[in-house]
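Only one structure is covered here, and it is reproduced in the block below.
We did not get these values from a lab; they are worked out from the coordinates using the rules stated. Just so you know, these numbers come straight off a predicted model, no measurement behind them. Cβ placement follows ideal geometry from the backbone for every residue including glycine, while neighbour counts extend to all protein chains displayed.
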Amino acid sequence: MDYNPFLPEVQYNPFPYYAYLREHAPVYQVPGVGFWAISRYEDVLAILRDPHLFSSGGFVSAVVGESNPWPPEAPAMLEIDPPEHTRLRRLANRAFTPRRIANLEQHVREVMRDLLAQVPAPGECDLVQELSGPLPTIVIAELLGVPPQRRHDFKRWTENIVKSTTGAVLTPEDRTQIRQSIDEFRAYFLRAIEAYRRQPGDNLLSDLVRAEEEQQRLTGEEILSVAILLLIAGSETTTNLIGHAMLALLNQPQDLARVRANPALIPNLLEETLRYDGPIQLFPRQAMQGVEVAGTVIPAGSMVLALIGSANRDERKFPDPDRFDLTRNAEGHVGFGFGVHFCLGSQLARLEARVAVEEILGRFPHLERKDEPVTRIESLLFRGLKTLPLEVE
């Protein structure tokens, strides 16, 4: 069974490939590509735990290629190693506090209720296109201080910039639209950053402008880099988490009934979703020296793929891993990564997903999948639904 994360059939259902790799080739060089795929839980953790031996440099080029939306002078935190990453992360964390996230709950709920109010019941809707997709985009736009009249522009920028980071094959028209969106996004936010330096506002972007520590502060390009990361990770991760959580419930009606009867199960539902079918499947790393992993020597300079989607299905860590278990203790999953690059927006994603599931189940006493196949996004990095047609009452 030849594993190649660029192939559509592997992206659509990577889990049989992961199981084969864990059993027969835990360190596997992808034919024709040269990347080394690491599939077992403990080995994946060891790679993510050691940024000095396994550098994040080259992360974006491995996934994005020529459509890189990040400014050259301020690359994404995803591909910066300590100590520079430590400085940027510490400053960014000051604008992304647990208190700020907790205070967002009521507003997230209002946004979700507004989206649900536009769905006719009884009737039909597409969960992704009408609910789980718009929710994080609207929330992030408001977090970054984008006024309602520019929301349409922000949505277009988001869709095109996210498209640039999925690893999908891009047409010349795609590349033109992506470059235009990147240029417009940069121009808009660099102007906004300078405006907030003169007059602070009450939003995350302004908080990033104010963030200082030991006489250091984020430059305009660094703030822009953080904003792009939040835009991409915040929208795609949350959309995919909501979609997979709802798909799991719809595929197992007994679990849907249990969650309806006891909404306190929703946080556990989300953790099991992150383990079972997480929104991110892998993280690229570069071996800084020759290193032995599971008995195989990986040469210095090699690109390594830490398969977190496989680690979360490793039977050595999670018994009966291919079974979705609503009440499983999924502690230790790496659905949001691990180590210094653990997802900055993980708590926001959990909050938005919890509120979304609560509100969807509260709004519709009955919902089921339409008799149509779901479609999935084409992506090397992300795993998610493109559509999920529903019948609701």
- Interchain or long-range residues, amide H under 5 Å from Leu388's placed H: Leu127, Val128, Gln129
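If you add up the charges near Pro122, with Lys and Arg at +1 and Asp and Glu at -1, over every other residue whose beta carbon is less than 10 angstrom from its beta carbon, what do you get?
Taking every other residue near Pro122 into account, the sum is -3.
Hey, with R₀ at 22 Å, roughly what FRET efficiency would Arg260 and Tyr12 work out to, going by the Cβ-Cβ distance, to 0.05?
That gives a FRET efficiency of 0.15.
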- Message: For the stretch 313-384, which GluC sites (Glu not before Pro) pass both filters: DSSP loop (anything but H, G, I, E, B) and at most 16 other C-beta atoms within 10 Å?
- Response: Glu315, Glu331, Glu378
- Mean separation of Cα contacts under 8 Å (at least 6 apart) over the residue count of the chain, i.e. the relative contact order in percent, is 28
- Excluding Arg22 itself, what net charge comes from residues whose Cβ is under 9 Å from its Cβ, given Lys and Arg +1 and Asp and Glu -1? 0
- Task: Please report, in debye to the nearest 20, how large the charge dipole of the stretch 76-167 is about its Cα centre when each Lys and Arg carries +1 at its beta carbon and each Asp and Glu carries -1 there.
- Result: 480
- Query: What list of ³J(HN,Hα) couplings, whole Hz, do you get for the stretch 107-112 from phi and the Karplus terms 6.51, -1.76, 1.60, once you set θ to phi - 60° and write x for glycine and proline?
  - Reply: 5, 4, 5, 5, 4, 5
- Mean separation of Cα contacts under 8 Å (at least 6 apart) over the residue count of the stretch 212-296, i.e. the relative contact order in percent, is 32
- By counting other Cβ atoms within 10 Å of each Cβ, how are Arg198, Arg383, Arg49, Arg151 ranked from fewest to most? Arg198, Arg49, Arg151, Arg383
- Query: What 222 nm value per residue comes from the helices of the chain, counting each DSSP H run with n ≥ 4 as -39,500 (n - 2.57) and dividing by all residues, nearest 500 deg cm²/dmol?
  - Reply: -15000 deg cm²/dmol
- Query: Where Lys and Arg each count +1 and Asp and Glu each count -1, what net charge lies around Leu204 among other residues with Cβ under 10 Å from its Cβ?
  - Reply: -2
- Item | Overall Cα dimensions of the stretch 262-301 - principal axes, largest extent first, Å | 51, 18, 12
- Computed magnitude of the charge dipole of the chain (debye, nearest 20; Cβ of K, R +1, Cβ of D, E -1): 720
- Cα gyration tensor of the stretch 259-345 - equivalent ellipsoid semi-axes, whole Å, descending: 31, 14, 8
- Message: At a threshold of 8 angstrom on Cα-Cα distance, excluding pairs fewer than six apart, so keeping six or more, what relative contact order does the stretch 271-316 reach in percent?
- Response: 43
- With the Cα gyration tensor of the stretch 298-359 giving a ≥ b ≥ c as the square roots of its eigenvalues, does the rule (a/c under 1.5 for rounded; else a/b larger than b/c for prolate; else oblate) give rounded, prolate or oblate? oblate
- Considering only DSSP beta bridges where both residues belong to the chain, give the percentage that are antiparallel (nearest 5). 90
- Query: What ³J(HN,Hα) values, in whole Hz, does the Karplus curve 6.51 cos²θ - 1.76 cosθ + 1.60 give for the stretch 329-334 when θ = phi - 60°, with x put for Gly and Pro?
  - Reply: 7, 8, 4, x, 5, 10
- Message: Only counting other Cβ atoms within 10 Å, I'd like Met77, Met112 sorted with the fewest neighbours first.
- Response: Met77, Met112
- Mind jotting down the three principal axis lengths of the stretch 16-57 based on Cα atoms? Whole angstrom, largest first. 30, 25, 12
- A student applying the Cα gyration tensor rule (rounded when a/c is under 1.5; otherwise prolate if a/b is larger than b/c, oblate if not) would label the stretch 107-232 oblate
- Query: Arg197 versus Phe342, label points 7 Å from Cα toward the beta carbon: distance in nm?
  - Reply: 3.3
- Query: If we count other beta carbons within 10 Å of each Cβ, what is the order of Val340, Val33, Val357, fewest first?
  - Reply: Val33, Val340, Val357
